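Below: the structure, in structure tokens.
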Amino acid sequence: MTHLNRILPWAVVFLALLYLGMQGRPVAYVGDYDLDAFGAIPVSADGRVKPMDTVARTNLMFLSGRQSFEVDGQQQPAIRWLADVMGQRDTVDHYRVFRIDHPDVQALLHQHEPTTRRFALAEIMPHWEQIVEQSQRAVEVPGRQRDPFQRQVLQLYQQVTVLMEMRHMQTPYMVPPTSEDEEWAPFFRVVQDTQAAGIPHPGVDALTSIFSAYHREQPAEFNDAVASYLAVFDKHMPAEARKASFEVFFNDFTPFYHATLLYVLAFLLAAGSLLMRTRSDSAWAGVLARTALALLVVTFLLHTFGLVSRIYLQGRPPVTNLYSSAVFVGWGTVLLAIIIERFHRLGLATLAAAFVGFVTLIIAHNLAGDGDTMEMMQAVLDSNFWLATHVIIITIGYSATFLAGILATVFIILGVFTPWLNKPLNQSLTKMVYGTICFALLFSFVGTVLGGIWADQSWGRFWGWDPKENGAALIVLNHAIILHARWGGMIQARGMMVLAIAGNIVTAWAWFGTNMLGVGLHSYGFMESAMFWLFAFVLSQLALMGLGMLPPEAWRSAVGRRASTPQTSPPNKP
């Protein structure tokens, strides 16, 4: 057991690094055309310079919910789809990339019993007039009052519009500026301007050579034209070329996807450690706890790599939109858990952090379906100073709150359903939750005050009872209530756990609820699809709180029963 104690954590770390090393190797596109090089061409879209590869992935994701598509039974990368959109326009009409789930919208296409939920442009365009008519009716209905049919038909209209804009070279902006006074421009407009002026444009000429060769199915000529064009970028716009090349690697590597998988493995190892500990097998419990922590650290470093990569590519602090906030909340939770695990080597913080890391990255994945996750921000948020202070600090407060809530969940589940919540676990969990709530209160309070100062500078008032501001204040109040009740002897360990779970509800509403209300100055990301999941989360937390408030006799753990017994004097320690 001594050797295993030393070897297993390092062996798991080695295997995890080996797995990541294999996933990080570049995978070349199989075919005559060098579409990997084509994907590295910088263009401008959604307010930033990005590679063709990102444009292909985000737009295909918007149309079909996937970053690949099928041709003759073979999966093809998104960059092949984009190349065909721009160079083989007739072929792309028959790619089934439009995902349509609503049966009434399918019926508009005369598809009453379709065998697939994905349709081709050639199947949609014969019914375009009906789609436009239904879309116009849907636009007249306020967003929050639209039914599923209206949302789906309006989305289909937007998807076809996006495809047609790319097909006609209106987006992305592919022609780079030739001087500091110029900006990126759409290909079709520069072509018109150069033809009218009779003056050739080097960018247009190079792009014309690329698309002409692709259209005439001349791969060697296409590859040479792409290589020449990238060489010009390396010479005249080296910073943009380097970022575009790195972003292609980042897209291929998908660090957050691999982090999601490793968080699951860390969670299973930590759960195994807890199971061994409850069976008094402390040797195996210790080995599994250390192995889970080692894997969590590796995953945290991978998570950090993804976060830092986004900062480099976007040129902004890590939290700029809902997607990045989900990534950062998970990252912050794991960082706090690793620190806690240094003091309480039980694997419980690892268990909670791996769960939160997994869930937040799943949330981020689902938020990525609307387009570029590094898009430009609302004007009110466009401040690197406040993004690096107020937003970071208050988001760390979210991380700490969720960590405390999940640790409290472990306490209640163990106490109610098992006899495993013994005295050492009870004391350790109580200290962990107490310390984490103190940390969360500090960061939530400081972050809220900084937000008020930012609001004063942006809108001329410190506080406006905006839903987001109210949510931030509720988080602070919730933590303050917990600590005051604890210090005053009004609650014991069990009561603190119930209120810590209530913090999950308050924080979730402050985080996502504001956008769903659709009111207030902070409402800039309304998401109807998330409403169901938010309510489901709130109901699950209420159920956990109800379990925590069951009579002591209903708890299977004896410590849980003792923890609920009122003390004659307030505790001096958590």
Only one of V319, V287 is more than 28 Å from the chain's Cα centre (by Cα), hydrophobic (A, V, I, L, M, F, W, C) and buried (at least 22 other Cβ atoms within 10 Å of the Cβ), namely V287
Pairs returned, first residue in the range 128-147 that is farther than 16 Å from D104 by Cβ, second residue that is small (G, A, S), beta-carbon separation under 8 angstrom, 6 or more apart or interchain, are G143/G518; R144/G518
Within the range 444-472, the residues that are small (G, A, S) and open to solvent by less than 30 Å² (accessible area, probe 1.4 Å) are S444, G447, G451, G452, A455, G471, A472
The residue from V334, V391, V356, V327 that alone is touching a Pro at 6+ places or on another chain (Cβ under 8 Å) and closer than 23 Å to G435 by Cα is V391
Of the residues in the range 505-525 that are closer than 15 Å to S325 by Cα and open to solvent by 40 Å² or more (accessible area, probe 1.4 Å), the one that is modelled with the lowest pLDDT is Y524
Is one or more of the residues making up the range 375-390 buried (at least 22 other Cβ atoms within 10 Å of the Cβ), in contact (Cβ under 8 Å) with a residue 40 or more places away in the chain, within 30 Å of T278 (Cα to Cα) and not β-branched (V, I, T)? no
Requested in this report: Assess whether R89 counts as being open to solvent by 30 Å² or more (accessible area, probe 1.4 Å), at pLDDT 90 or above and among the basic types (K, R).
Outcome: no
Next item on the list: Answer yes if at least one residue in the range 285-301 is part of a helix (DSSP H, G or I), of a type in the set (S, T, N, Q), in contact with a Pro (Cβ under 8 Å, 6 or more places away or on another chain) and at negative phi, and no otherwise.
Entry: yes
Output for Cβ contacts, cut-off 6 Å, separation at least six or different chains, first residue hydrophobic (A, V, I, L, M, F, W, C) in the range 529-544, second surrounded by fewer than 15 Cβ atoms within 10 Å (Cβ to Cβ), reads none
Exception for L121 within (1) out of contact with any helix residue (DSSP H, G or I) (no Cβ under 6 Å at 6 or more places or on another chain); (2) farther than 19 Å from Y33 by Cα; (3) at pLDDT 90 or above; (4) surrounded by fewer than 20 Cβ atoms within 10 Å (Cβ to Cβ) falls at (4)
For the range 12-51, the count of residues that are open to solvent by less than 60 Å² (accessible area, probe 1.4 Å), among the hydrophobic types (A, V, I, L, M, F, W, C) and in contact (Cβ under 8 Å) with a residue 60 or more places away in the chain equals 11
Taking the range 135-175 and keeping residues open to solvent by 20 Å² or more (accessible area, probe 1.4 Å) and either in contact with a Pro (Cβ under 8 Å, 6 or more places away or on another chain) or within 24 Å of E240 (Cβ to Cβ) (or both) leaves V162, E165, Q170, T171, Y173
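The values are calculated or read from the model by the stated rules, or taken from the named source; none is laboratory data. Please read all numbers here as calculations on a predicted model, not as lab measurements. Ideal geometry is used to build each Cβ from the backbone, glycine not excepted, and the neighbour counts take in all protein chains shown. Ligands, DNA and RNA are excluded from the accessible area calculation, which covers all protein heavy atoms including side chains. Shrake-Rupley method; radii C 1.70, N 1.55, O 1.52, S 1.80 Å.
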